[in-house]
């Protein structure tokens with residue numbers, strides 16, 4: 001039926017053209033943004049998952065920063081302990097030299113004192129970002145010998161999040177402790193065997209200037225040598241522990257970097273647009289749009305054809 005009130009062909013052509021224009025707009029938005037799921041309306045489930053994963057990835061970036069700070073702090077402590085080992089080794093050599101009868105132990109003590117001052121200076125300056133793990137005061141409020149370094153951020157299947165940490169025990173790595181009830185490796189009192197004891201001289205406080213060649217004084221000097229040697233052994237263990245922690249932090253940092261990349265790739269699979277596919281769609285829709293315009297033009301001419309019947 002031909003009607004001048006309702007042009008069914010034109011209405012159908014117009015609907016098809018409008019649908020094509022809508023599809024072209026979607027493709028153009030994907031090409032311009034690079035996303036096939038840019039908003040929740042595009043795909044609510046994928047958008048929700050991607051948003052959560054992006055948030056978690058930002059948290060992982062913070063974890064990576066925390067690992068970097070932790071690694072630097074451990075490295076500062078390790079470097080200071082390693083330097084202290086060299087200083088105490090030199091101090092022990094001075095004590096061994098003082099064992100020789102007839103030497104002026106007062107002059108040797110002057111050198112020993114400078115080495116002791118250097119040890120204290122190294123420990124006090126081994127600070128990073130306000131943290132010093134070698135020169136501490138365990139009696140101060142809030143002190144905790146176990147240092148926690150943020151190492152991971154995880155989300156379980158139920159959506160609960162967990163922040164993991166790497167614990168570094170500094171109780172056996174500290175060199176000085178200003179508390180009256182505790183001591184570090186260098187300020188701990190040591191007995192004649194070099195072991196930590198309630199009484200005796202520490203590596204930091206030993207003084208050989210008044211020692212003579214008497215059997216008792218030589219025994220005291222031998223105790224100082226053993227104490228320095230024991231301190232070197234303890235500091236070596238401390239440096240080994242710090243080195244192991246630094247390696248673990250480095251491995252965790254590498255893992256977090258790889259994990260962030262994997263999450264980025266997963267997000268991309270969900271929401272990124274395939275540009276090859278979208279460009280092909282755009283070209284096809286452009287042709288379809290041109291044909292739709294032509295079809296609408298033809299449909300609109302049908303009403304004009306009716307006039308010919310009345311001529």
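Numbers at a glance
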quantity	calculated
Residues of the range 89-112 satisfying the condition of being under 29 Å from residue 179 (Cβ atoms) and touching a residue at least 40 places away in the same chain (Cβ under 8 Å)	89, 91, 92, 95, 109, 112
From 211, 242, 206, residue being assigned to a helix (DSSP H, G or I) and on the phi < 0 side of the Ramachandran plot	242
Filtered residue count, the range 114-123, keeping only those that are out of contact with any helix residue (DSSP H, G or I) (no Cβ under 9 Å at 6 or more places or on another chain) and free of Cβ contacts under 8 Å to residues at least 40 places away in the same chain	3
Number of the exception - residue 87 against (1) touching a helix residue (DSSP H, G or I) at 6+ places or on another chain (Cβ under 9 Å); (2) more than 30 Å from residue 156 (Cα to Cα); (3) at pLDDT below 95	(3)
Options 222, 213; residue that is over 41 Å from the mean Cα position of the chain (by Cα), surrounded by 16 or more Cβ atoms within 10 Å (Cβ to Cβ) and in the same structural domain as residue 117 (by TED's automatic domain parsing)	222
Residue that is assigned to a helix (DSSP H, G or I) and touching a residue at least 12 places away in the same chain (Cβ under 8 Å), where the choices are 51, 79	79
The range 14-31, residues that are surrounded by fewer than 16 Cβ atoms within 10 Å (Cβ to Cβ) and under 18 Å from residue 47 (Cα atoms)	26, 31
Test: residue in the range 190-199 that is out of contact with any strand residue (DSSP E or B) (no Cβ under 6 Å at 6 or more places or on another chain), farther than 28 Å from residue 143 by Cβ and surrounded by fewer than 18 Cβ atoms within 10 Å (Cβ to Cβ)	yes
Filter result (part of a loop (DSSP other than H, G, I, E, B), touching a strand residue (DSSP E or B) at 6+ places or on another chain (Cβ under 9 Å) and buried (at least 18 other Cβ atoms within 10 Å of the Cβ)) within the range 139-177	170, 174, 175
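The values are calculated or read from the model by the stated rules, or taken from the named source; none is laboratory data. Computed from a prediction, not measured in an experiment: that's the story for all the values here. Quick reminder, even Gly has a Cβ in these numbers, built from the backbone with ideal geometry, and neighbours come from all protein chains shown.
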